[in-house]
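The values are calculated or read from the model by the stated rules, or taken from the named source; none is laboratory data. Values in this document were obtained by computation on a predicted structure and should not be read as measured data. Glycine gets a Cβ as well: all are built from the backbone with ideal geometry, and neighbour counts include every protein chain shown. Surface areas here come from the heavy atoms of the whole protein model, side chains and all, with no ligands, DNA or RNA. Shrake-Rupley method; radii C 1.70, N 1.55, O 1.52, S 1.80 Å.
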Amino acid sequence: MRLEQLYIFQKIAESGSIRKASESLYSSPQNISKSMIQLEKEWNTTLYTRSKTGIQLTEDGEQAYLLIQNILKDIEVLNQYFHVETPALYCSETQALVSVCSCSVMEPIATATINIILSENSEAPIQIDKKSSSEIRKDLYTLEKEDDMPDLVLLNEVPEKMTFLQKKTEKIYHCYFIFSDELCLQVPLGDPLAQYDKIPLKLLETLPMLLYTGTPKQKAVGEKIIQELGHEMKNVSRTSNIETCSRIALNQHKYCFVGYPSVEFRPMANVAYVPLEVSIHADQLLLVKKRRRNRTFTNAFIKSMDDCFNLKKLW
């Protein structure tokens, strides 16, 4: 569960329409629906039903709305007590729309950066799309109109494919290197595998794995690379929920891949992150559209990322 999802559900409950909620939040109805599906799946319930007249809250939905109201009020009280200006997840000014597409690993940083900019600068309508890196690449490679492409893109890319990414995007985007992750195996500290300095690829063929893929129907990028190296993992299940993948893997006594040192920006206690015997890296990248309408916001975004990561321009 993310705070963003609570704000989204609040808007849906109050407006009685996913379309109206998406318009006020400057997001697409598809993203709003996807976020709610994830929340309902996590809570194992149905929050609302659709009809010709709009959204109808279920009994659980009514109760969730009341509880969420209290939670958001408590957050506001906390911010007021500590003299913190409550950052807006979304905004309502009718300036040039800024479209931001972020892979799930980078979404916490993208959202935090946007909130900081909106609290310190003039507001602009923002549309945030969270997708897997493979979905982002597919969109970038297939969209024909430059206007349809997002202003800012955060994704991870393995170095071997960087040349192809550059060929496809350099006419439209500037590319910045943020940082590099190394693919590691998440292992509980008490597990014998935690004693390894490097995990043999052959060993991965025997381990029960849970892998984050963006969509359970496709293989993870790390899984594909390991397959190309001649090793087929046989006992694999997949999930589209990056927020809980690591924890679910531990609860189900399975292993999973994580990017280190970022470790999804939420390192877990009592867990070792052991690299593989063949080093597999993924570079976190920021693509910035060359021709964009809201330069004030996008320039502030670049500066904020540069302050955190010392950006290096690649093309």
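Local charge sum around Thr163 (other residues, Cβ-Cβ under 12 Å, Lys/Arg +1, Asp/Glu -1)? Mind dumping the intermediate values first?
Values: positive: Lys161, Lys167, Lys168; negative: Glu157, Glu160, Glu170.
Residues near Thr163 contribute 0 overall.
Which pairs, out of Lys52/Lys289; Lys167/Lys217; Lys131/Lys290, put more than 32 Å between their alpha-carbon atoms?
Details: Lys52/Lys289 39 Å; Lys167/Lys217 28 Å; Lys131/Lys290 22 Å.
Violating the 32 Å Cα-Cα cut-off are Lys52/Lys289.
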The chain - mean residue ellipticity at 222 nm from DSSP helices (-39,500 (n - 2.57) per run, n ≥ 4, rounded to 500): -12500 deg cm²/dmol
Nearest-0.05 FRET efficiency for Lys224 and Gln195, computed from C-beta distance (R0 30 Å): 0.60
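In what sequence, largest accessible area first, do Glu144, Glu107 appear using a 1.4 Å probe? Intermediate values should be presented prior to the final figure.
Numbers: Glu144 175, Glu107 10 Å².
Descending order: Glu144, Glu107.
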Fraction of beta bridges assigned by DSSP in segment 135-283 that are antiparallel (%, nearest 5): 70 percent
Exposure rule at most 11 other beta-carbon atoms within 10 Å, DSSP loop trypsin sites (Lys or Arg not before Pro): the chain longest free segment: 53-144
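Using the Cα gyration tensor of segment 10-70, with a ≥ b ≥ c the square roots of its eigenvalues, what is the shape: rounded (a/c below 1.5), prolate (a/b larger than b/c) or oblate (neither)? Spell out each step's value before the answer.
Numbers: a/c = 1.43, a/b = 1.31, b/c = 1.09.
Verdict is rounded for segment 10-70.
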Derived scalar couplings ³J(HN,Hα) [segment 126-138; Karplus, 6.51 cos²θ - 1.76 cosθ + 1.60; whole Hz; x for Gly, Pro]: 10, 10, 9, 10, 9, 9, 6, 4, 5, 5, 4, 4, 4
Pairwise centroid distance, computed over Cα atoms, of segment 1-70 with segment 141-170, Å: 32 Å
The chain - share of DSSP beta bridges that are antiparallel (%, nearest 5): 65 percent
Backbone N within segment 1-18 under 16 Å of label point (7 Å from Thr49 Cα along the Cβ vector): none
Extended-chain gain in nm, criterion 0.36 nm per residue less alpha-carbon gap, Ala112 and Glu62: 15.1 nm
With all protein chains modelled, accessible area of Thr244 [1.4 Å, Å²]: 30 Å²
Calculated Rg and Dmax of segment 197-315 using C-alpha coordinates, Å: 17.6, 52
Rounded, prolate or oblate (a/c below 1.5 giving rounded, otherwise prolate when a/b exceeds b/c) for the chain by Cα gyration tensor: oblate
Karplus (6.51, -1.76, 1.60) ³J(HN,Hα), θ = phi - 60°, over segment 46-55, in Hz, Gly and Pro reported as x: 10, 8, 7, 10, 9, 9, 5, 8, x, 8
Set of lysines with alpha-carbon distance to Lys198 below 27 Å, sequence-local pairs under 8 removed: Lys161, Lys219, Lys224, Lys234, Lys254
Stretchable slack from Ile37 to Cys308, in nm (0.36 nm times residue separation minus alpha-carbon distance): 94.3 nm
